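Working notes for the structure below.
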Amino acid sequence: MHCFRIPAALLALALALPLTAAEPAVAPAPEDMAAAQAQQPGRYVGRVLMRSKKAKTISIEIGKGAKAETFTFRHLDPLPGIEHANADLFAILTTEVRDGEQVVVEAKPKLAAIPEGVRDLDTAAMAGLLSGKTLPMLFDSRPRSRWLQSHLPGSISLPEDLLKEKGAANVLGTDKAALLVFYCGGYTCGLSTSSAKLAKEAGYTNVAVYQAGEPAWIKAGKPTYADTGFITDGNVIVIDLRDPAIAAKGAIAGAVSIPLAKLEEAAEELPLRAPLVLYGDDEAQAIAARAVLLKAEFKKVSLVEGGYEMWKATGGKTVTGALPTTAAWKRKPVPGEVAFADFQKAVAGQRDGIVLLDIRGPAETAEGVVPGALNIPLDQLGKRLGEVPAGKKLYVFCNSGSRAEMAVKALKKAGHDALFLIADIDCADGKCTFSE
């Protein structure tokens, strides 16, 4: 049986944390980033906030806190190193002025530095530790909401900002020689290395990072699990991969039946934004199903630890009888988001005092526009804030919602009352329609 020690202070913190939590910046930015940026025009080092495939734009945040600045640029297509410019990664963007516009011509990864005296474990070493009789104290340094949805076996949620706030000595226990391992979202995520540095500074002597993190673990075909509370109470789709006749004899409450052989076809009807949690006849089947879904571009896929048998044995709620074969999932609004129904009423002219702000680029608006909407592309918003009407509530939209959320942050910073829409927009023949 695997065992590991959880310090009492850390256990109390974990129990006090909510099922979902606001997500801070994915990684801390270096203190001197703003100064370094000023000295090197055309070189932008920071956290990628989003990349729009349709608009061919990248938004990057330079600095942190009140001094943070956001820049949005168009990029070459194809862009050398584009895999390093995905959201939440730290990157180095090189820009050039072409036809009077600053354009990203190359993206490179900005690797998080490993603190002195901290070991870096590769995936094989990490797997070896987790297969031993005594587990290390393995900490997930990402925001708690990430851990709830998908985490490495035996890991403990300890967000880097919480470790910093509470103090390492207050949550990591009294055994300064215990093996502590921190991980997060990969080589360019600085949360794990920052946490390891805090542990070293507090006097812990046996500190390591798994810098390759969750992405490498999944790529190696290893399991990641969803928290049981998240499975029960989260806004998720639980998929039973077993034969429907077997599932009918006992299944996790709320699950839908999609046998592995039918998963690829069924994936076309599943909402891409939904967190998916899988279980099957065994873990290998669930991992195979995860590979199918990841190939279909689902981003949030994890497993039920121990499958149905462990779920039942540990008191999880179960049902008998034929399971539904389709998922009735609806995304829950997040803070700062306009309700879809309210947005539709504003489009129809049924909301007084509302200004619709379209932050899509020219290539997108050429396919269709929303009558009455003010169009200011996101990459021009900073320069054109004076065109935004004061004293009006703004409903901001783009192609799906990511850029709109970023625009709202900039608008609120400038004193505007703004909400963003998360929805898909389909434009053709000059007209646009929205769908949740």
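For GLY391, indicate whether it is at pLDDT below 85 and either in contact with a helix residue (DSSP H, G or I) (Cβ under 7 Å, 6 or more places away or on another chain) or not hydroxyl-bearing (Ser, Thr, Tyr) (or both). Explain how you work it out, then say what you get.
Details: at pLDDT below 85: no; either in contact with a helix residue (DSSP H, G or I) (Cβ under 7 Å, 6 or more places away or on another chain) or not hydroxyl-bearing (Ser, Thr, Tyr) (or both): yes.
No, not satisfied.
Go through region 384-397 and report how many residues are assigned to a helix (DSSP H, G or I) and not charged (D, E, K, R).
Going through region 384-397 one residue at a time, the tally reaches 2.
Conditions (1) in contact with a Gly (Cβ under 9 Å, 6 or more places away or on another chain); (2) at pLDDT 95 or above, marked per residue:
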position	(1), (2)
ALA341	no, no
GLN344	no, no
LEU357	no, yes
GLY372	yes, no
Any residue in region 144-156 that is under 20 Å from PRO223 (Cβ atoms) and free of Cβ contacts under 8 Å to residues at least 60 places away in the same chain?
yes
All positions within region 233-268 that are within 12 Å of GLY321 (Cβ to Cβ), touching a residue at least 40 places away in the same chain (Cβ under 8 Å) and either surrounded by fewer than 23 Cβ atoms within 10 Å (Cβ to Cβ) or not assigned by TED's automatic domain parsing to the domain that holds GLU309 (or both):
PRO244, ALA248, LYS249, GLY250, ALA253, SER257
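Just to be sure, is LEU278 outside any loop (DSSP other than H, G, I, E, B), within 30 Å of ILE422 (Cβ to Cβ) and either in contact with a helix residue (DSSP H, G or I) (Cβ under 8 Å, 6 or more places away or on another chain) or free of Cβ contacts under 8 Å to residues at least 12 places away in the same chain (or both)? Lay out the reasoning, then the answer.
Values: outside any loop (DSSP other than H, G, I, E, B): yes; within 30 Å of ILE422 (Cβ to Cβ): yes; either in contact with a helix residue (DSSP H, G or I) (Cβ under 8 Å, 6 or more places away or on another chain) or free of Cβ contacts under 8 Å to residues at least 12 places away in the same chain (or both): yes.
Against the criterion (outside any loop (DSSP other than H, G, I, E, B), within 30 Å of ILE422 (Cβ to Cβ) and either in contact with a helix residue (DSSP H, G or I) (Cβ under 8 Å, 6 or more places away or on another chain) or free of Cβ contacts under 8 Å to residues at least 12 places away in the same chain (or both)), LEU278 qualifies.
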List, please: which pairs have Cβ atoms under 8 Å, are six or more places apart or on different chains, and start with a residue in region 359-375 that is without any contact (Cβ under 8 Å) to a residue 40 or more places away in the chain and end with one that is surrounded by fewer than 16 Cβ atoms within 10 Å (Cβ to Cβ) and in a helix (DSSP H, G or I)?
LEU374/GLU387
Looking at region 174-187, is at least one residue in contact with a Leu (Cβ under 7 Å, 6 or more places away or on another chain) and surrounded by fewer than 24 Cβ atoms within 10 Å (Cβ to Cβ)?
yes
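The values are calculated or read from the model by the stated rules, or taken from the named source; none is laboratory data. Here the structure is a predicted model, which means the values were calculated and not measured. So basically every Cβ, Gly included, is an ideal-geometry build from the backbone, and we count neighbours across all protein chains shown.
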